[in-house]
Each structure stands twice: as structure tokens, then as C-alpha cells.
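The values are calculated or read from the model by the stated rules, or taken from the named source; none is laboratory data. Since the model is a prediction, treat every value here as computed from it, not as a measurement. Ideal geometry is used to build each Cβ from the backbone, glycine not excepted, and the neighbour counts take in all protein chains shown. With ligands, DNA and RNA removed, areas are computed over all heavy atoms of the protein, side chains included. Shrake-Rupley method; radii C 1.70, N 1.55, O 1.52, S 1.80 Å.
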Amino acid sequence: MQLNLILRRTIQLRSYDFNSHGVDIVEHLDEGLPDVNGDAHQLQQVFLNILNNAYDAVHEVGRPARIEIMSTKAGNAVEVSFRDNGYGISHPDRIFDPFFTTKEVGKGTGLGLSICYGIVKEHGGNSLPQQYRRQGATFIVRFPAAPHTASLGVAAGVLQK
């Protein structure tokens, strides 16, 4: 599957909220990415949760809100990064702990990033949060690129390479 397609669909799900609340979304998507193996719905859940957290982070700052999304090839992997200009990660050592949240009561369960971590690991990838004090945070997810495979027609012997 192509991660850029999943990213675009995920961004589209939140585009109304982003636009109506003045959140600037900047996309830098590498169109030459290799495919990855995985479940599109689970990966969309990961991306949506990270975007929701970034939205919450930038929504609280007093400056123009901005979220940058970048996809790139990194060796034999595909990386997707989400960078926001919010306050940063207050407890980076605990963000993947189940039921840990910095949100006020009733606003979060503390399960989102824990579940995302499990999905990313299940897909052979890893998650790398980075923090820039008072300048936001970057959340990177990395997945192994799918090995080059023949098209269905070639595999079935209908077409020649």
C-alpha cells in the first residue's frame, strides 16, 4: 500500500476542523515512496491519532497554528513525520504508557498513543517522538519498505516482465 494515499485521506477527515480553526496544514509528501505492507485502516488510525494530538497541541498556543506532515524514503524504510508548533511533549518518557494523559478529565483516555505504538510495532515499524521546548514536537513513524514484488498479472503468468 502507498502511505501517501492513507495520509491524504486522513488529513481530509480533519480538514474542516483544521480550516475552521485556522490550523495551517503543510504537506511535504515524497511521491516516489516505496510501498509498505500493512492494514490501511490501522495505519489510518495511527495517523489520525497523531494528527488529533498535534491539533490539540497547536490549538492551545497563542500563535498561528501549524502542522507539517512529511513522508520520505529512509534507506529500506518509509518515514512519516508530523511536526507541530505547540508547546511540546511534557512527559516524553511516558507518552506510550497506557492510560497516561496530560489532557483534562473527560478529554482523553490515555490510550491513543499506546494503541498506536502497538499498531506500528505490529507493522514492523517504530515510533520516535522528538521535542523542541516551546517550539513544538515532531512525531516520526517508520515502516519497512515492502520488498519489490511482481504485479498480479506477472505473478499469474498472464503478462511478461
Per-residue SASA entry for Asp30, accessible area with 1.4 Å probe, Å² rounded to 10: 60 Å²
Evaluated over the range 14-60, the Cα radius of gyration and Dmax, each in Å: 13.0, 36
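Heavy atoms only, probe 1.4 Å: what % of the accessible area of the range 1-90 goes to carbon and sulfur, would you let me know?
Details: 2190 of 4570 Å².
Roughly 48 percent of what the probe reaches on the range 1-90 is carbon or sulfur.
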In Å², nearest 10: area of His41 left accessible to a 1.4 Å probe: 140 Å²
Estimated inter-spin distance, Ala145 and His59, nm [label 7 Å along Cα→Cβ]: 3.7 nm
